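Enquirer: One structure coming up, written as structure tokens, with questions to follow.
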Amino acid sequence: MTLREQAVFNRVDTTIADRASRRKPSRKTGTREEWLAARLELLKAEKALTRRSDELARQRQEMPWVRIDKEYRFETDDGTASLADLFRGRSQLLIYHFMFGPEYTAGCPLCSAIADGFDGFVVHLANHGVTLCAVSRAPLAKLQAYKRRMGWSFGWASSFGNDFNYDFHVAHSKEEWDAGAVDYNFREVDFRPAEESPALAEWASTVGTDFATYRREGPGVSAFALEDGVVYHTYSAYARGIDGLWGMYRWLDRAPLGRNETGFWWRRHDEYDSQ
């Protein structure tokens with residue numbers, strides 16, 4: 001990917017993008033005493049970040065709740081469901097907006113990597129009063145086939161034919177796209193220049209579409225509460241706001257070379273040469 005293509009994609013979706021521009025850490029050697037002194041300095045910064053993260057979590061919980069009166073109907077493994085049904089008897093719901101549009105032949109590799117992470121801990125959330133599920137616009141049969149391929153067990157609902165993804169700004173009409181006014185991450189974005197990028201066209205081909213069709217879907221997470229039979233929207237995040245949900249990066253950030261990226265290196269977990 002050229003620097004120009006990278007810059008374009010940075011504007012398109014920084015969740016994927018500003019990886020290649022990260023400065024690689026310089027390598028140096030030292031004594032155990034020098035290592036310990038540097039580690040103690042870093043520990044101060046890590047503790048400050050932890051405290052700041054705790055404060056941000058508190059602020060998220062203090063966001064006003066917005067009542068959802070619109071009726072949405074989803075297709076699930078258990079049949080047609082309302083938004084309230086997706087809570088599955090619990091009081092809290094987290095929805096991962098998984099990029100899998102009706103025209104896709106497979107799920108987005110980015111979203112697939114994130115799903116690999118949360119598939120294993122949905123059971124823990126469920127036993128703490130929180131249901132986590134994915135929602136995508138593709139028909140249910142496509143989602144079920146891909147879920148079987150990936151070996152996942154989390155709940156996955158199809159919003160095919162309803163406005164849910166559009167209302168929560170993770171699906172965008174062709175008219176929005178053509179006008180250069182896509183509402184994503186709480187701002188209007190013109191994604192059209194990215195259509196000129198061969199690298200992004202190749203990335204979109206992993207789901208069987210061109211880039212415009214691919215990126216008229218978007219990744220995100222939304223939170224909901226159910227109280228006295230009423231559903232409330234409490235939180236949403238997009239772009240790098242979901243970076244913290246991408247489990248493998250929390251580990252890479254602690255590896256000696258960090259993220260060490262120059263482009264789109266990750267694949268679906270069944271597409272690597274070695275497992």
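Nothing in this text is a laboratory measurement; each read-out follows from the coordinates by a stated rule. What you are looking at is a predicted structure, and each value in this text was computed from that prediction instead of being measured. No Cβ is skipped: glycine too gets one built from the backbone with ideal geometry, and neighbour counts run over all protein chains shown.
Enquirer: Is the chain rounded, prolate or oblate when judged by the Cα gyration tensor, a ≥ b ≥ c being the square roots of its eigenvalues, rounded requiring a/c under 1.5 and prolate requiring a/b larger than b/c?
Expert: The shape class here is oblate.
Enquirer: Given the options Asp210, Asp243, Asp167, which has the most mean-square fluctuation in a GNM of the chain, springs set between C-alpha atoms less than 10 angstrom apart?
Expert: Taking springs between Cα atoms under 10 Å, the residue moving most is Asp167.
Enquirer: How much length would be gained if the chain were fully extended between Ala126 and Arg90, taking 0.36 nm per residue of separation minus their Cα-Cα distance, in nm to one decimal?
Expert: 12.2 nm
Enquirer: Which residue, Thr76, Thr213, Thr31, has the most motion in a Gaussian network model of the chain that connects Cα atoms within less than 10 Å?
Expert: Among Thr76, Thr213, Thr31, the largest GNM mean-square fluctuation belongs to Thr31.
Enquirer: If you don't mind, there's one more thing I want to ask. With each run of n ≥ 4 DSSP H residues scored as -39500 (n - 2.57), what mean residue ellipticity at 222 nm is computed for the chain after dividing by its residue count and rounding to the nearest 500 deg cm²/dmol?
Expert: Roughly -10000 deg cm²/dmol at 222 nm, from the helical runs in the chain.
Enquirer: Also: Taking the Cα centroid of the stretch 245-275 and of the stretch 87-104, what is the distance between the two, rounded to the nearest whole Å?
Expert: 24
Enquirer: Can you check what the Kirkwood hydrodynamic radius comes to for the stretch 56-164, Cα pairs only, in Å to one decimal?
Expert: The answer is 14.7 Å.
Enquirer: Using 7 Å Cα-to-Cβ label points, what is the Lys28/Ala181 separation (nm, one decimal)?
Expert: Result: 5.2 nm between the two label points.
Enquirer: Run down the aspartates and glutamates and flag those whose C-alpha is under 17 Å from the C-alpha of Lys47, throwing out any fewer than 8 positions away in its chain.
Expert: Qualifying aspartates and glutamates at Cα under 17 Å: Glu55, Asp253.
Enquirer: Go through the chain and flag any cysteine with no other cysteine's C-beta closer than 4.7 Å, please.
Expert: Singleton cysteines: Cys133.
Enquirer: Let me ask something else about it. Take every DSSP beta bridge whose two residues both sit in the chain, then give the antiparallel share in percent to the nearest 5.
Expert: The answer is about 70 percent antiparallel.
Enquirer: Next up: May I ask which residue of Asn185, Ser197, Val122 lies farthest towards the positive end of the charge dipole of the chain, with charges of +1 (Lys, Arg) and -1 (Asp, Glu) on Cβ and the Cα centre as origin?
Expert: About the Cα centre, the residue reaching furthest to the positive side is Val122.
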